[in-house]
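The values are calculated or read from the model by the stated rules, or taken from the named source; none is laboratory data. Just so you know, these numbers come straight off a predicted model, no measurement behind them. In this analysis, Cβ positions are derived from the backbone assuming ideal geometry, glycine residues included, and neighbour counts consider all displayed protein chains.
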Amino acid sequence: QDLNVDEFEEIFKTKAQGPAIDLSSSKQKIPQKGSNKVTLLDANRAKNLAITLRKAGKTAEEICKAIHVFDLKTLPVDFVECLMRFLPTENEVKVLRLYERERKPLENLSDEDRFMLQFSKIERLMQKMTIMAFIGNFAESIQMLTPQLHAIIAASVSIKSSQKLKKILEIILALGNYMNSSKRGAVYGFKLQSLDLLLETKSTDRKQTLLHYISNVVKEKYQHVSLFYNELHYVEKAAAVSLENVLLDVKELQRGLELTKREYSMHDHNTLLKDFIHGNEAKLKKLQDDAKIAQDAFDDAVKYFGENPKTTPPSVFFPVFVRFVKAYKQAEEENELRKKQEQALMEKLMEQEALMEQQDQKSPSHKTKRQQQELIAELRRRQVKDNRHVYEGKDGAIEDIIT
């Protein structure tokens, strides 16, 4: 009863609630960011362009000026290549020009649209951007293509000129002809792909392949050619090269230089283009010469082995030799291991024979002597078995190899 409720209500109503608020009028007063900007570009394209432009950290004027003079110090080649994805389309140019002709305020356009408007006004824009990308990537392209061409040249020449490899292939052919002599006459050669089948032709006991036997023959009777693979150079690197693509890249560089020269003829005051042409024309000529040498050397090597260069690219030709060399080295190692095992077996046999002689002198029991003789017989049997060199293929011959 002592509380003045009316006074309490009046005080707190005034302080806490205040006058009623018109929510609809309040919303209209909130400024909408960018609501007064006009966007003519596709929304996603404009968004991606904005991201790209932020990476450069340059104004539209700075970017367009740099393109005019091919300034790759202001615009790194990576940025140029990104920007090439935003070359204005015919429709975009039409819409931007219409906006301009209608004398609408340019400041109402979004940043991306204003950039695109300036960007689209650069003369021969596509050519200039292409030239910038070409110049920016030229040194790296030369550095990437040259070793690939050199690998093709070195591998092709070394394979064709290797006398030791030639002797190895002659031995393979001679053995093949001998194995087939009862079925047909001698042949003069075989397909390179048949080298892969040497591992499939196995000895009667299935413990080694014809390649193991060839490796043994070479080591025992043709020692001077046993390291034939040391005469083959850069074969593995050449096997990884797509010569067709490399030659296309060289032609693309030639087109880039021709485009640069044409542009320079229109702006002969541009020292950047002048210096680039004078400093790199000879480098491209050297690369083109290497490309011609690589093509000729590869064709000669393929024809030398009776193959067709049009149907036998480097990715098919060189891996045959890579696999053969790898398999041959492995056969050498396994032969060496087998030889050591046989040597150990022989030593054990000799030890047993010596032991028998000693025990003979001491009149050993009949049972002990019989066990030792059985052991020696078993050791000798194993030795004879390991030394057998009768080979057979899937059908008992080497028909699959010699063609």
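Per-structure values
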read-out: Positions within the stretch 292-344 being part of a loop (DSSP other than H, G, I, E, B) and closer than 27 Å to THR209 by Cβ, in sequence order; value: PHE305, GLY306, GLU307, THR312
read-out: Qualifying residue in the stretch 218-225 (condition: in contact with a helix residue (DSSP H, G or I) (Cβ under 7 Å, 6 or more places away or on another chain), more than 26 Å from ALA151 (Cα to Cα) and touching a residue at least 60 places away in the same chain (Cβ under 8 Å)); value: no
read-out: Boolean, PHE276 is within 30 Å of PRO313 (Cβ to Cβ) and either of a type outside the set (Asp, Glu) or in contact with a helix residue (DSSP H, G or I) (Cβ under 8 Å, 6 or more places away or on another chain) (or both); value: no
read-out: Subset of the stretch 214-252 [surrounded by 17 or more Cβ atoms within 10 Å (Cβ to Cβ), under 13 Å from VAL322 (Cα atoms) and among the aliphatic types (A, V, I, L, M)]; value: LEU232, VAL235, ALA238, ALA239
read-out: Selection count where residues are assigned to a helix (DSSP H, G or I) and among the polar types (S, T, N, Q), scope the stretch 82-130; value: 5
read-out: Subset of the stretch 272-317 [over 26 Å from ARG255 (Cα atoms) and acidic (Asp, Glu)]; value: ASP300, GLU307
read-out: Selection from the stretch 263-283 of residues that are in a helix (DSSP H, G or I), more than 30 Å from ILE152 (Cα to Cα) and without any contact (Cβ under 8 Å) to a residue 24 or more places away in the chain; value: TYR264, SER265, MET266, THR271, LYS274, ASP275
read-out: The stretch 194-214: number of residues that are among the charged types (D, E, K, R) and modelled with pLDDT of 80 or more; value: 1
read-out: Number of the exception - ARG255 against (1) surrounded by 19 or more Cβ atoms within 10 Å (Cβ to Cβ); (2) free of Cβ contacts under 8 Å to residues at least 24 places away in the same chain; value: (1)
read-out: Test: residue in the stretch 123-145 that is without any contact (Cβ under 8 Å) to a residue 40 or more places away in the chain, under 30 Å from ASP71 (Cβ atoms), of a type in the set (Ser, Thr, Tyr) and surrounded by 15 or more Cβ atoms within 10 Å (Cβ to Cβ); value: no
read-out: One residue from LYS58, LYS94, LYS73, LYS65 being without any contact (Cβ under 8 Å) to a residue 24 or more places away in the chain, more than 35 Å from the chain's Cα centre (by Cα) and closer than 28 Å to SER265 by Cβ; value: LYS65
